[in-house]
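S.K.: One structure is given below, represented as structure tokens, and several questions about it will come after.
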Ligand SMILES: [Zn+2]
């Protein structure tokens, strides 16, 4: 990556008039009316009808079936963002469960995110595990420094989910609760953290690039020889060891983020991070490099995919989505993150 000149030139990409995906062949193309193939497929699949909505009563049924089986009722994946902090809040306060909060720090978490988590677990009085490891650093460095098209967030979510399942197994916890929004939901009962289902048309090129990278890199580097190549592999391995289901309260609750953010601010001292992309989100430092690279290589990011889903489902307006997706973060952050890789040796 050329971090000395980090300005992203988008060029004259046309954007779908209905969602926020830009034309990006071969995966995304626009028809004569300026509507993308993903929106057209959505219409065909839904045949003009609304998608089946999940109700809170469905969620309560799931909770009742799984709670009170051990010390903890659920393991909560806490990133410090509004959605996962709300998930933690709901489990403890709304459903009166005993959660174990779990945060994963690959060395690139921001102080703002960690502070939000510490405040939330202190105020709610829940047990908390901070898992910190630099295991992935060489792999990340390889992607970043060689200009690979592999999407940083993909191997990261593969690793993250693997570690999360291990944690659930270690404490014998039957439910993993994520803060995934409706835009991140793909297939139940589990999907990747970023909603990146390799089989979805919007992710084909990104997934192929990540797969090609992983195939070669894990073969050449003994340290990563057992690294799973896909989310499916993580799931298969996890199921052999311990059965834990993954759910998100956001799939079932009608509340939108504006409502729960106010509660979190008031009750858990939660704050928006100073640096964010997309707007009003909380992400690690690597996210900014991942966004930069995805825009450069593919013309869009997994956030465009998530928000497009929400726009199609009328959960977000196209205008709001376009605004949240504007790239206006200070590019000095790219330089800052690149420096973190300066000491990593052994690049091929
Ligand atoms: Zn579209």
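S.K.: Between residue 122 and residue 216, what is 0.36 nm times their sequence separation minus the Cα-Cα distance? Round to one decimal in nm.
M.R.: On the way: separation 94, 0.36 × 94 = 33.84 nm, distance 4.36 nm.
This chain segment gains 29.5 nm when fully extended.
S.K.: Something else about it: Per the Cauchy relation, a quarter of the hull surface: what is the mean projected area of the convex hull of the alpha carbons in the stretch 17-142, in nm²?
M.R.: Mean projected area for the stretch 17-142: 12.4 nm², to one decimal.
S.K.: Then there's this: In deg cm²/dmol and to the nearest 500, what is the mean residue ellipticity at 222 nm of the chain if only DSSP H runs of at least 4 residues count, each as -39500 (n - 2.57), divided by the residue total?
M.R.: Details: 13 runs with 151 residues, N = 348.
About -13500 deg cm²/dmol.
S.K.: Which shape class applies to the stretch 244-292: rounded if a/c is under 1.5, otherwise prolate when a/b exceeds b/c and oblate if not, where a ≥ b ≥ c are the square roots of the Cα gyration tensor eigenvalues?
M.R.: Verdict is oblate for the stretch 244-292.
S.K.: If we restrict to alpha carbons, what Rg and Dmax does the chain come to, in Å?
M.R.: Spelled out, the Cα radius of gyration and Dmax of the chain are 19.7, 58 Å.
S.K.: Which percent, to the nearest 5, of DSSP beta bridges fully inside the chain are antiparallel? Mind dumping the intermediate values first?
M.R.: Working: 3 of 18 bridges.
Just about 15 percent of them are antiparallel.
S.K.: For the stretch 56-251, what are the per-bin percents of Cα-Cα distances with bins 10 Å wide, up to the bin holding the maximum?
M.R.: 8, 35, 36, 17, 3
S.K.: How long is the gain from residue 340 to residue 271 if the chain were fully straight, where each residue apart is worth 0.36 nm and the alpha carbon distance is subtracted?
M.R.: Numbers: separation 69, 0.36 × 69 = 24.84 nm, distance 2.57 nm.
Gain in length upon complete extension: 22.3 nm.
S.K.: Specify whether the C-alpha gyration tensor of the stretch 264-348 places it in the rounded, prolate or oblate class, a ≥ b ≥ c being the square roots of the eigenvalues: rounded for a/c under 1.5, otherwise prolate if a/b is larger than b/c and oblate if not. Working shown, then result.
M.R.: Working: a/c = 2.56, a/b = 1.41, b/c = 1.82.
Oblate, since a/c reaches 1.5 and b/c is not below a/b.
S.K.: How much length would be gained if the chain were fully extended between residue 201 and residue 243, taking 0.36 nm per residue of separation minus their Cα-Cα distance, in nm to one decimal? It would help to have the intermediate numbers written out before the result.
M.R.: Details: separation 42, 0.36 × 42 = 15.12 nm, distance 2.94 nm.
Length gained between residue 201 and residue 243: 12.2 nm.
Any read-out appearing in this document is the output of simple, stated calculations on the displayed coordinates, not a laboratory observation. Everything numeric here is computed off the predicted structure, so don't read it as measured data.
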